[in-house]
Amino acid sequence: MDRDKLVQEALDLAYLKAIDSCREEHNDDALIKVLYDLVDRDHIPSMTVLAQFYQDGIGVVTSDAKAIDLYRKAADLGSDYAQGKLSSFN
């Protein structure tokens, strides 16, 4: 298995553990922090989840601008889902 695949699998595991842990603790602030940490590592699922949080105001102040930035970053990394979400802002 190549290094990039191992890194992606580690990020996916960190993402899932963080979400489970923060849900159990009902700690939105911790979840937002973990998602941003993973966004900084180009983790696409974290980008799209955080973007949706900004759209819906979940744990953050609603901000279409921040949602668009996150969706754009995910789309630039190849996310068809994020590309579709971007079209909803037009």
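Miscellaneous remarks
- Meets criteria (closer than 21 Å to Lys85 by Cβ and either at pLDDT 75 or above or outside any helix (DSSP H, G or I) (or both)) for Met47: yes
- Residue in region 14-31 that is aliphatic (A, V, I, L, M), buried (at least 17 other Cβ atoms within 10 Å of the Cβ), at pLDDT 80 or above and touching a helix residue (DSSP H, G or I) at 6+ places or on another chain (Cβ under 8 Å) present: yes
- Pairing residues of region 34-59 that are closer than 22 Å to Ser88 by Cα with residues that are assigned to a loop (DSSP other than H, G, I, E, B) and polar (S, T, N, Q), at Cβ distances under 8 Å and at least 6 apart in sequence or on separate chains, gives Ile44/Ser79; Met47/Ser79; Thr48/Ser79; Tyr54/Thr62; Tyr54/Ser63; Gln55/Thr62; Asp56/Thr62.
- Residues located in region 56-89, provided they are assigned to a helix (DSSP H, G or I), farther than 20 Å from Tyr15 by Cα and not charged (D, E, K, R): Ala65, Ile68, Gln83, Gly84, Leu86, Ser87
The values are calculated or read from the model by the stated rules, or taken from the named source; none is laboratory data. Here the structure is a predicted model, which is why all the values come from computation and not from measurement. Every residue, glycine as well, gets a Cβ built from its backbone with ideal geometry; the counts of neighbours run over all protein chains shown.
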